[in-house]
Amino acid sequence: MTTSIDLRKDRATSSSRQDRGASRRGSHALRWWVLAVLGVAQLMVVLDATVVNIALPDAQSDLGFSNVDRQWVVTGYALAFGSLLLLGGRLSDLFGRRTTFIVGLVGFAAASAVGGAANGFVMLVAARVAQGAFGALLAPAALSLLTVTFTEAKERAKAFGIFGAVAGTGGALGLLLGGALTEWASWRWVMYVNLIFAAIALVGAVTLLAKHVTNERPKLDIPGTLAVTAALFGIVYGFSHAESNGWTNGLTLTFLIGGVALLGVFVWLESRVSNPLLPLRIVLDRTRGGAYLTIFVMGIGMFAIFLFLTYYMQLTLHYSPIVTGVAFLPMVGAMVASATMVPSLVLPKLGQKLVVGGGFLIGAVGMVWLTRIGLHTGYASHILPAMLLLGLGLGGAMSTSFQSATAGVHHDDAGVASATVNTSQQIGGSIGTALLSTISASAATDYLSHRAPTALNVAQSAIESYTTSFWWAAGIFLVGAVVMLALLPNTTPAPAEGEPVIVH
């Protein structure tokens with residue numbers, strides 16, 4: 001009897017030591033350093049959505065491609081990124097988040113180097129498509145690593161707040177960085193700068209992240225993968241095509257209708273296969289489903305802030321690209337403050353329903369404030385207050401939604417749950433691009449239809465196009481607030497399951 005008890009004690013002691021050793025080697029032990037690595041990688045991916053836009057005119061002049069071709073530098077990235085996100089998320093679940101993260105980093109850096117060295121249009125677009133494909137591996141892996149690394153409620157709130165701030169402000173920082181690099185160096189440096197981000201993140205990933213170990217053979221849902229990839233490609237391309245060719249164009253309708261139909265086929269498949277790419281339980285949960293819808297709606301409305309406000313400051317107020325970027329910094333500051341403080345201080349007291357709904361309402365007020373702009377209005381009186389409101393409202397709502405989007409997921413589903421976050425944001429942005437650009441163009445045309453095309457009237461028509469878009473964005477945020485107040489449970493999001501302890 002004594003021998004049996006001693007053996008059990010020895011085994012328990014040995015197991016405890018192994019667990020402590022594994023914990024020291026795992027991501028959780030160095031979690032705040034891991035957050036820094038993931039933040040750098042996320043910033044790189046988010047920056048690339050806007051940093052190239054400001055550099056496009058210089059790239060076009062240097063490489064000699066047409067205005068019609070120019071959109072493919074942006075669209076190529078969006079198509080590859082948007083259509084491959086769910087596949088990238090599931091690959092990180094099957095083959096390991098660390099491996100997928102590192103492959104995504106190295107591939108994104110290599111594609112950026114090729115883009116920076118591009119000697120023509122085809123080479124540049126190919127590099128942008130490759131960036132999008134590797135970004136679709138990288139972004140879900142980063143968020144899923146964060147999900148399984150931070151499982152203690154208070155730490156999780158802080159970590160997701162910081163990560164959400166990076167995701168929310170990356171677009172504005174991209175405008176500033178793109179303007180600075182284009183003006184002081186060369187358009188090529190908006191590509192080359194990614195090598196610096198990737199190198200820092202790669203060193204951290206190799207030294208800090210726990211290796212993936214599994215005894216199970218990964219299985220991939222091939223029919224579901226093909227269906228959803230084609231569906232997302234069709235939807236993203238359809239909205240991109242609508243922006244330049246209109247909603248009644250035959251090709252626009254074909255891709256949009258085909259994409260929606262394939263999305264229906266995908267949902268049908270996922271309810272019947274044994275190893276679904278996206279288990280429906282992930283999106284049917286009220287907390288997670290509401291979070292995906294929040295990020296989707298926010299993606300539609302936020303497009304108006306960056307695009308039309310950039311046009312207004314550069315074309316009407318004649319700000320330089322760098323000054324325009326600096327003008328966005330107060331919104332960045334407000335968003336960072338809100339995203340980092342709301343999840344840890346406000347969310348536990350009010351619950352996600354009130355935080356997200358209230359964030360949308362504050363954002364709607366900010367958008368309404370922007371509708372007051374004119375040809376000679378001041379930055380401090382008309383733009384700055386609106387930016388502060390938008391940053392405060394959307395920062396808290398976004399960081400809360402990032403946390404809710406992976407609430408309570410099993411570690412085996414963390415990658416695809418994270419990919420659904422990015423997919424929601426990407427599809428929302430594509431819809432915002434097409435919808436608000438069309439509305440903006442129609443408003444300008446309507447204004448000039450009964451007026452002489454004088455310089456003053458043309459300038460005022462641009463103001464009409466911006467303010468109409470801001471009104472629509474305000475309405476979208478208001479609808480988002482109502483839907484979230486009705487849909488979301490008023491609870492604090494539950495942590496996801498952490499990484500399994502790996503004993504070597």
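Here, each number is a calculation from the coordinates, and none is a lab measurement. Keep in mind that this is a model prediction, so the values were computed, not measured. Cβ placement follows ideal geometry from the backbone for every residue including glycine, while neighbour counts extend to all protein chains displayed.
Each peptide in 456-469, 348-361 gets a packing score, the mean of other Cβ atoms within 10 Å over its residues, and the list from highest to lowest is 348-361, 456-469. Mean separation of Cα pairs under 8 Å and 6 or more residues apart, divided by the residue count, gives segment 97-177 a relative contact order of 31 percent.
Helical runs assigned H by DSSP (4 residues or longer) give the chain a calculated mean residue ellipticity at 222 nm of -27000 deg cm²/dmol, each run adding -39500 (n - 2.57) before division by the residue total. The alpha-carbon atoms of segment 342-470, seen along their principal axes, cover 63, 30, 18 angstrom, with the largest extent given first. Most tightly packed first, judged by the mean number of other beta-carbon atoms within 10 Å of their residues, the peptides 229-239, 111-121, 321-331 read 229-239, 321-331, 111-121. Note on A380 and S274: the extension gain reaches 32.4 nm, defined as 0.36 nm multiplied by sequence separation minus the Cα-Cα distance.
For the chain, relative contact order (Cα pairs under 8 Å, six or more residues apart, normalised by length) works out to 23 percent.
Sequentially through segment 169-178, phi angles give Karplus couplings (6.51, -1.76, 1.60; θ = phi - 60°) of 9, x, x, 5, 5, x, 4, 5, 5, x Hz, Gly and Pro residues having no value and appearing as x.
Mind jotting down the distance between the C-alpha centroids of segment 127-194 and segment 91-120, whole Å? One Cα centre to the other: 13 Å. Sequence-ordered 3J(HN,Hα) estimates for segment 99-105 from the Karplus curve with 6.51, -1.76 and 1.60 and θ = phi - 60° stand at 4, 5, 4, 5, 4, x, 4 Hz, glycine and proline given as x. Phi-derived couplings, Karplus 6.51 cos²θ - 1.76 cosθ + 1.60 at θ = phi - 60°, listed residue by residue for segment 433-438: 4, 6, 5, 6, 5, 5 Hz, with x used for Gly and Pro.
Taking other C-beta atoms within 10 angstrom as a stand-in for reagent exposure, S442, S418 fall in the order S442, S418, fewest first. Projecting the Cα atoms of I200, W33, L375 onto the charge dipole of the chain, computed from C-beta unit charges around the Cα centre, puts W33 farthest toward the positive end.
Against the main long axis of the alpha-carbon atoms of the chain, helix 121-149 sits at an angle near 40°. Take each peptide in 46-57, 257-268, 70-81, count the other Cβ atoms within 10 Å of every residue, and average; sorted highest first, the result is 46-57, 70-81, 257-268.
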